[in-house]
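Only one structure is covered here, and it is reproduced in the block below.
The values are calculated or read from the model by the stated rules, or taken from the named source; none is laboratory data. This one's a predicted model, so the numbers in the text were calculated from it and none came from an experiment. Here the Cβ is made from the backbone with ideal geometry for all residues, glycine too, and neighbour counts use every protein chain on show. The accessibility values were calculated without ligands, DNA or RNA, using every heavy atom of the protein model including side chains. Shrake-Rupley method; radii C 1.70, N 1.55, O 1.52, S 1.80 Å.
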Amino acid sequence: LKKRQKKAHIIEIQVNGGTISKKVDWVRSMMEKSVPVRSVFAQDENIDIIGVTKGRGFKGVTSRWHCKKLPRKTHKGLRKVACIGAWHPSRVQFTVARAGQKGFHHRTEINKKIYRIGKGIHTKAGKVVKNNAATEYDPTDKSITPLGGFPHYGEVNNDFLMLKGCCIGPKKRVLTLRKSLLASHKKRQMEKINLKFIDTSSKFGHGRFQTIEEKKNFMGPLKKDQMKQEATA
């Protein structure tokens with residue numbers, strides 16, 4: 001990934017199962033080897049995501065705890081807690097909403113369903129294969145990266161996971177994925193997923209075209225293309 005950093009992300013991961021000597025042998029055998037995501041997780045599996053949420057800085061009680069605002073004519077501000085406790089006990093209890101840090105908290109989301117485990121851009125029989133967004137119902141040759149790239153991220157060229165719902169934190173924040181510790185047997189989390197269509201239109205604007213070829217066919221030759229040809233001629 002083209003990130004603006006030189007240092008790689010390092011994370012400590014616990015190894016389970018077997019005796020200590022077997023664990024050490026397994027870790028030594030996996031040293032400096034890449035572990036593909038499809039060898040760990042499977043399609044339609046529910047996994048847990050561990051990460052740090054978006055940081056929002058020092059916030060007041062109205063934003064941080066969603067307390068009700070006081071009436072307009074309130075003395076010395078209205079985005080406050082009206083009463084922070086009784087005379088006795090002569091302490092402010094921990095249950096009272098107070099101003100402080102909002103966001104940048106360590107959180108774990110459980111049972112996020114895997115909709116697709118996609119292969120990155122690779123070569124097969126001397127040809128570059130990048131149709132990892134094609135489905136059985138939409139066989140268009142297109143990549144998972146939308147037109148113009150993902151906002152604040154760029155292109156996805158490696159293997160990827162497509163999960164249901166949102167993820168913790170801002171773009172490019174490193175997340176830890178693990179097997180679900182609290183397995184759910186609800187019907188909607190046990191169902192088999194067969195995606196019919198993946199939208200790859202631009203995420204910067206309204207998004208009209210699925211591929212660059214579709215856009216060129218609709219728009220026709222543009223002035224900037226003519227200027228490029230004149231410059232190269």
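Could you sort Cys83, Cys167, Cys67 by accessible area so the largest value comes first, with the probe set to 1.4 Å? Walk me through the numbers on the way to the answer.
Working: Cys83 90, Cys167 65, Cys67 35 Å².
Greatest to least solvent exposure: Cys83, Cys167, Cys67.
Leaving ligands and nucleic acids out of the surface, order Tyr153, Tyr137 by accessible area at 1.4 Å, largest first. Walk me through the intermediate numbers first.
Details: Tyr153 75, Tyr137 130 Å².
Ranked from most to least accessible, the order is Tyr137, Tyr153.
What 222 nm value per residue comes from the helices of the chain, counting each DSSP H run with n ≥ 4 as -39,500 (n - 2.57) and dividing by all residues, nearest 500 deg cm²/dmol? Before the final figure, lay out the partial values.
Numbers: 5 runs with 37 residues, N = 233.
Theoretical 222 nm ellipticity from helices: -4000 deg cm²/dmol.
State the Kirkwood hydrodynamic radius of region 122-225 in Å, one decimal place, computed from all pairs of distinct Cα atoms.
Numbers: mean 1/r = 0.0595 Å⁻¹.
This gives a value of 16.8 Å.
Report the FRET efficiency, 1/(1 + (r/R0)^6), for Leu177 and Tyr137, where r is their Cβ-Cβ distance and R0 is 45 Å, rounded to 0.05.
On the way: r = 28 Å, r/R0 = 0.62.
That gives a FRET efficiency of 0.95.
Expressed as a rounded percentage, what relative contact order does the chain have, with Cα pairs under 8 Å and six or more residues apart?
On the way: 310 pairs, mean separation 53.8, N = 233.
Over the chain, the number comes to 23 percent.
So if each residue of separation counts as 0.36 nm, and I subtract the Cα-Cα distance between Ala231 and His88, what length gain in nm does that give?
43.3 nm
Under 1.5 on a/c is rounded, so check that first for the chain, then, if it is not, pick prolate when a/b is larger than b/c and oblate when it is not; a ≥ b ≥ c are the square roots of the alpha carbon gyration tensor eigenvalues. Don't skip to the answer; put the middle values down first.
Details: a/c = 2.26, a/b = 1.37, b/c = 1.64.
Oblate is the answer for the chain, as a/c is 1.5 or above yet b/c matches or exceeds a/b.
Please report the projected area of region 138-184's Cα convex hull averaged over all directions, in nm². Don't skip to the end; give the middle numbers.
On the way: hull surface 21.2 nm².
Averaging across all directions leaves 5.3 nm² for the Cα convex hull.
With the cut-off at 29 Å, tell me which of the pairs Lys142/Lys186; Lys124/Lys196; Lys119/Lys164; Lys130/Lys203; Lys6/Lys215 have Cα atoms farther apart than that. Numbers along the way, then the final one.
Numbers: Lys142/Lys186 34 Å; Lys124/Lys196 25 Å; Lys119/Lys164 18 Å; Lys130/Lys203 19 Å; Lys6/Lys215 36 Å.
Lys142/Lys186; Lys6/Lys215, as the Cα separations exceed 29 Å there.
What distance in nm lies between label points placed 7 Å from Cα along the C-beta direction at Leu222 and Arg28?
5.8 nm
Using every Cα-Cα pair within region 8-51, state what percent have a distance larger than 12 Å. List each step's numbers first, then the result.
Details: 720 of 946 pairs.
Beyond 12 Å sits 76 percent of the P(r) for region 8-51.
How many Å³ per residue does the convex hull of the Cα positions in region 65-124 occupy?
On the way: hull volume 13.1 nm³, N = 60.
About 219 Å³ per residue, rounded to a whole number.
Provide the per residue accessible area, probe 1.4 Å, for the chain, rounded to a whole number of square angstrom.
On the way: 18630 Å² over 233 residues.
Per-residue accessible area for the chain comes out at 80 Å².
Go through region 39-104 and name the chymotrypsin sites (Phe, Trp or Tyr not before Pro) that are in a DSSP coil and have 11 or fewer other Cβ atoms within 10 Å of their Cβ. Show your work: numbers first, answer last.
Numbers: sites: Phe41, Phe58, Trp65, Trp87, Phe94, Phe104; in loops: Phe41, Trp87, Phe94, Phe104.
Those that pass, being in a loop and sparsely packed, are Trp87, Phe94.
Ranked by accessible surface with a 1.4 Å probe, highest first, in what order do Lys127, Lys164, Lys215, Lys112 come? Each step should come with its number before you reach the end.
On the way: Lys127 145, Lys164 105, Lys215 80, Lys112 25 Å².
Accessible-area ranking of Lys127, Lys164, Lys215, Lys112, largest first: Lys127, Lys164, Lys215, Lys112.
What part of the accessible area of the chain, given as a whole %, is carbon or sulfur when the probe is 1.4 angstrom? Please list the in-between numbers first.
Working: 10400 of 18630 Å².
Carbon and sulfur: 56 percent of the exposed surface of the chain.
Any idea what Rg and Dmax come out to for region 23-119 if you just take the C-alpha atoms, in Å?
23.5, 71
Rounding to the nearest 20 debye, state how big the charge dipole of the chain is about its Cα centre with +1 on each Lys and Arg Cβ and -1 on each Asp and Glu Cβ. Please report the intermediate quantities before stating the final value.
Values: 51 positive and 18 negative charges, 320 e Å.
It works out to roughly 1540 debye.
Checking the a/c ratio against 1.5 first, then a/b against b/c, what shape does the Cα gyration tensor give for region 91-144? It would help to have the intermediate numbers written out before the result.
Details: a/c = 4.83, a/b = 3.66, b/c = 1.32.
Since a/c reaches 1.5 and a/b is larger than b/c, the shape of region 91-144 is classed as prolate.
Want the number for Asn194 to Ile11: 0.36 nm per residue separation, take away the alpha-carbon distance, what's left?
Values: separation 183, 0.36 × 183 = 65.88 nm, distance 3.32 nm.
Extra length available between Asn194 and Ile11 comes to 62.6 nm.
Given 0.36 nm per residue, what is the gain on full extension from Gln101 to Thr53 after removing their alpha carbon distance, in nm?
Numbers: separation 48, 0.36 × 48 = 17.28 nm, distance 1.21 nm.
The Gln101-Thr53 span can extend by a further 16.1 nm.
Going through region 6-89, which GluC sites (Glu not before Pro) have at most 12 other Cβ atoms within 10 Å and a DSSP loop state?
Values: sites: Glu12, Glu32, Glu45; in loops: Glu12, Glu32, Glu45.
Within region 6-89, the qualifying GluC sites (Glu not before Pro) (loop, at most 12 other Cβ atoms within 10 Å) are Glu12, Glu32.
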